[in-house]
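Q: Take this structure, written in structure tokens, and hold onto it; I'll ask about it next.
None of the figures in this text is laboratory data; all of them are computed from the coordinates on show. Fair warning: this is a prediction, and the values are worked out from it, not measured in the lab. Cβ coordinates were reconstructed from backbone atoms using ideal geometry, including for glycine residues, and neighbour counts include every protein chain displayed.
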């Protein structure tokens, strides 16, 4: 049985069909990649998968839970979809501490600081997030998504605005998390991200989702 299952899922906006009777499954414990041009529906798939959006028809299950009847979120979820949002006049560490305090499974502050250092953000730096570069904000968003050690990690274009060194650091972090049992679903327009990380790949095109066979 698939950990994540879409069965005949459709979603439209104002007469524009983004997904039409889409069916696919993702197994627990792997890294699954989604390929597709901008506007193809990757973000919609991720919002449906995480309970941020409800399908017009069809069935979505995550860990056996049905996501159709009402908006429901996976029990242990880390997510980064679209631009990460933070309190602009607080530091990166303070933002992460606030988000951590809202988690059902908070982690020690030193674990958050360690993740920041791993991605080359200084937890002692009190500069406000509003002064961060796009790459720094992106790394902060990745840390926010992973810091509570979720069972499911859903990331839409996580490498956006990152330099080559940071991309390498993030890839290694994802591999380590996956090795510890986290199921990762990722979308990227960078083919190397998908090829280097993913054990299963899907392509979204013309409102359909198809598996990419190696």
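Q: Measuring from label point to label point, each 7 Å out along Cα→Cβ, what is the residue 161 to residue 211 span in nm?
A: 3.6
Q: Distance between the C-alpha centers of the stretch 163-183 and the stretch 1-57? Whole Å please.
A: For the stretch 163-183 versus the stretch 1-57, the Cα centre distance is 23 Å.
Q: Specify the angular offset, from 0 to 90 degrees and rounded to the nearest 10, of the alpha carbon long axis of helix 134-146 from the longest principal axis of the alpha carbons in the chain.
A: Helix 134-146 and the main axis of the chain meet at about 70 degrees.
Q: For the chain, what is the calculated [θ] at 222 nm in deg cm²/dmol (nearest 500), taking -39500 (n - 2.57) for each run of four or more DSSP H residues and dividing by its residue count?
A: Only helices count here, giving -9000 deg cm²/dmol.
Q: Obtain the nm distance between the two label points defined at residue 2 and residue 110 by a simple spin-label model: each point lies 7 Å from its Cα along the Cα-to-C-beta direction.
A: Simple spin-label model gives 4.3 nm for this pair.
Q: Does anyone have the angle between helix 109-118 and the longest principal axis of the chain? Alpha-carbon axes, 0 to 90°, nearest 10?
A: Once rounded, the angle reads 80 degrees.
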